[in-house]
Each structure stands twice: as C-alpha cells, then as structure tokens.
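First comes the structure, then the notes that go with it.
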Amino acid sequence: MTVEKIYQEMAEVFRRETGMNLAGDGDMAVRLYAVAAQIYALYVQADWVGRQCFPQTAQGEFLDRHAQLRGLERREAVAARGVLRFERDSTAAADLTIPAGTVCLTAGQVRFETEEDAVLGAEETSAEVRARAVTPGAAGNAAAGSIRAMAVAPIGVSRCSNPEAFSGGADREDDEALRVRVLETFQRMPNGANAAFYQQGAMSFSEVAAAVVIPRPRGVGTVDVVVSTAAGLPENALLEELKEYFRARREIAVDVQVKAPEIKPVNVEVSVTPRKGADKAAVLRGVEERLRGWFDGKLLGQDILRAKLGGLVYSVDGVENYAFRAPAADITVDRSELPWLERLSVTETA
C-alpha cells in the first residue's frame, strides 16, 4: 500500500459518487491527497505495532519487554581487563606509588585505567598492576604491546605498556543476540529444575560468555554449572555471585556447584599463501588477529574443527591458500573444558 494508491482509490470513489473527475491541482484533490497521506501513516503505524507484538520481529525496548516476560534482561557491555606495566630507566632512592585511576592509551585513543594502587619499589625498574578499559565494549580488547602512552605520567615513570593482551571486552547485547535467547526459552522451557533453568540463569550475567550444565556429577540431587567469560576463566567474585544466585533459586535439597572450566591448551601452526599483489605482512597479521580473536570463552565445551579454523583463515582478505601443521586433526573437547590458544604460529608459505 502506498500514498498514491490510496489517493487513486479515493479519487475513483469520488468520481463514482459525484460523476466528476478531480483536477490534479484542484482544492479537493489536494485535500484528498492529504487525507491519503494520513491513512498511509496509519497503515505504517499498524504494521510497526504488529512487529513489536512478537519477539520474532520486535526491536529495541519492545524486545526488552518480551525478554522481561521470559525472565531475561539484555546483557550490558563488559569492560576489557588486563595488566599494565609501568617502567623507569633506573632505580631510585624511595618507593614510588602509582595511584589507582592512572590512565594509559593506545594509538587509537582507547583509554585504560588502573584498578588499584601499584608500588614501584626503590630497587625495581618496573611494576605491573591490574587495569580495565575505561569504556566497556569490544573496542577495549587491545593486542599485547599496543598501549604505549600515558594521559598524565606519574612522577618518575618513563613509559607504560601492556605485556599481554587486554581481553574480555564485550559490546552491549544487540537485538538479534537477545532475540535468540528469548526464543530459546520457548524451545527449552526452564521449569526451575532442568538444565535450561540453570543455563539461562547463568547466561543472565553480563560477564558470562558461555555456560554448560552437568546433571548428577556427584549422584542424584547434584548439578554443576560450568561458566566462562569472554576473557576465559571467570574470577572468583563472579563464581561467588553465581553461587549465591543459584543458592536462592535452586530446588530443595539439590547441591549446586558453580565452577570454572578446565583449560584445554591448543596449538595452531598455519602457513599462508598471500594473494598476488596483497600486502603480505598485513595478510599474515590479519590471519593472526582473526585466529586469536576466535579463541574466547564462547568456545566452552566446543570441539576445535580444522574446517572451522580453515574458514577463519580463508575469510581474511588477501589469503590465496593455507596449510595447517597443527592441529593435525580435529580436537575433541569435554563439556567442562575450554579450548584455549596456547601457541600460535602464522608464517608465509615457502
């Protein structure tokens, strides 16, 4: 339905009832066209309202309301975390305190701040301290060595760096991801006792990237909930929070334990043939970033398939061909294990 079609129908009714044709620029034609535009707006509004009535098509705050009816909430953004190293050129006569809230930056102006005070001992030239991205989200996942500047350098500190990558940052859950979780509650109805109840409860925490429920691990009346975060292993504070959450909601006389997964180390070695004319260094760097980025907490309990790894490599722009030296075969992963990239080698095909 369009404004023009509505107007033509109205003009035809007017001609049939009055026996007169409307002039294209006449007063009555202008009035009818204005009415047609308003009727079309009602059609659009009714179509929009219809889409918001169902979780399959709802958007934004209306999808949030569908989620609330299913006991779910949209997962908020999570800040990336890691370690910052502060250095000076030589030892000093006294200890130096680096206060919490000291801000460091990447070349792209992504900001990170220390979460606690750090002490650079008089006989030491470097100190490391836990830090997090100032702005929550995936943009805070910074590669090792990419944080090189300080917003305001503490007195006596010459430079800063991140010896390891900052990880665990995740953007606010978008509509499609939330929609999947909402629809899953209809397909796997949580009843307060089944695996869906425990899994969906764990996934309601923004920090949790994946959750696996293991029934009867210690016999009848026992449940293990294994969770991972985007950064990999969950912190003790999160595990304790989840324990309290399930302790208040579990069935009577059921022993629920919340655990971190067992790490399953994975080594990946791949040789890449860049496409003719492509920037070889950029292609190899792109492959490394793609593979490193794929290994996160969402892989909990998932097998590592060579076909999937190959698809990741081949999806990098500029890759002509590739060959894996490791893993030599698909890697089978237990439900309570988290495959984690221990060593990665990306080289150009000789």
Query raised in the report: In whole Å, how far is the Cα centre of region 81-108 from that of region 20-48?
Result: 68 Å
Query - Accessible area of the chain belonging to carbon and sulfur atoms, whole % at 1.4 Å probe - result: 51 percent
Report task. Rank GLY108, GLY50, GLY19 by mean-square fluctuation in a GNM of the chain with C-alpha springs under 10 angstrom and give only the top-ranked residue. Result -> GLY19
Requested in this report: Find out how many positive minus negative residues lie around LEU183, taking Lys and Arg as positive, Asp and Glu as negative, among other residues whose Cβ is under 11 Å from that of LEU183.
Outcome: +2
Report task. Quote the convex hull volume per residue of region 218-350, based on C-alpha atoms, as a whole number of Å³. Result -> 115 Å³
Report summary line: Residue-ordered couplings for region 171-177, obtained by feeding phi - 60° into the Karplus form 6.51 cos²θ - 1.76 cosθ + 1.60 and rounding to whole Hz (Gly and Pro as x), are 6, 4, 4, 7, 4, 5, 5
Report task. Might you tell me the accessible area per residue for region 223-347, computed with a 1.4 Å probe and given in Å²? Result -> 54 Å²
Query raised in the report: Taking only C-alpha pairs under 8 Å that are 6+ residues apart, what is the relative contact order of the chain in percent?
Result: 13 percent
Report summary line: If each part is reduced to its alpha-carbon centroid, region 120-152 and region 282-350 end up apart, in Å, by 27 Å
Query - ILE98 long-range amide H proximity, modeled H, under 5 Å - result: ALA118, VAL119, LEU120
Report summary line: The ³J(HN,Hα) series, computed from each phi in region 219-228 with the Karplus coefficients 6.51, -1.76 and 1.60 at θ = phi - 60°, rounded to the nearest Hz and given as x for glycine or proline, is x, 4, x, 10, 9, 10, 10, 9, 10, 9
**Report entry** Accessible surface of LEU183 - all protein chains present, 1.4 Å probe, nearest 10 Å²
**Finding:** 50 Å²
Query raised in the report: Can you give the net charge of the other residues whose Cβ lies under 14 Å from the Cβ of SER228, counting K and R as +1 and D and E as -1?
Result: -3
Requested in this report: With both partners inside region 134-266, how many of the DSSP beta bridges are antiparallel, as a percent to the nearest 5?
Outcome: 55 percent
Report task. Compare PRO190, PRO234, PRO99 in a GNM of the chain, Cα atoms joined below 10 Å, and give the one with the largest fluctuation. Result -> PRO99
Query raised in the report: For region 300-350, max minus min Cα coordinate along each principal axis, in Å, sorted largest first?
Result: 37, 18, 16
Query - Within straight-line cross-link reach of LYS308, lysines at Cα separation under 20 Å, skipping those fewer than 8 residues along the same chain - result: LYS264, LYS298
Requested in this report: Give the relative contact order (percent, whole number) for region 200-350; include only Cα pairs under 8 Å separated by 6+ residues.
Outcome: 29 percent
Report task. Quick one: which residues, 5 or more positions from SER158 or on another chain, have an amide H under 5 Å from its amide H? H modelled 1.01 Å from N in the peptide plane, none for Pro or chain starts. Result -> GLU87, ARG88, ASP89
Query raised in the report: So how compact is region 94-172: Cα radius of gyration and Dmax in angstrom?
Result: 12.6, 44
Query raised in the report: So what is the 222 nm mean residue ellipticity for the chain from helices alone, if each DSSP H run of at least 4 adds -39500 (n - 2.57) and you divide by all residues, rounding to the nearest 500 deg cm²/dmol?
Result: -10000 deg cm²/dmol
**Report entry** Nearby aspartates and glutamates by direct alpha-carbon distance to LYS243 (threshold 16 angstrom, same-chain neighbours under 8 apart not counted)
**Finding:** GLU207, ASP224, GLU235, GLU251, ASP255
Report summary line: With Cα coordinates, the longest principal axis of the chain makes an angle with the long axis of helix 27-52, in degrees rounded to 10, of 40 degrees
Query raised in the report: What is the spread of the Cα atoms of region 188-248 along each of their three principal axes, largest first, in whole Å?
Result: 31, 25, 20
Report task. Could you check which residue among ALA80, ALA41, ALA231 shows the biggest mean-square fluctuation in a GNM of the chain with a 10 Å Cα cutoff? Result -> ALA41
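The values are calculated or read from the model by the stated rules, or taken from the named source; none is laboratory data. Source: prediction; values computed, not measured. Note: ideal-geometry Cβ built from the backbone for every residue, glycine included; neighbour counts use all protein chains shown. Note: areas computed on protein heavy atoms with side chains; ligands, DNA, RNA excluded. Shrake-Rupley method; radii C 1.70, N 1.55, O 1.52, S 1.80 Å.
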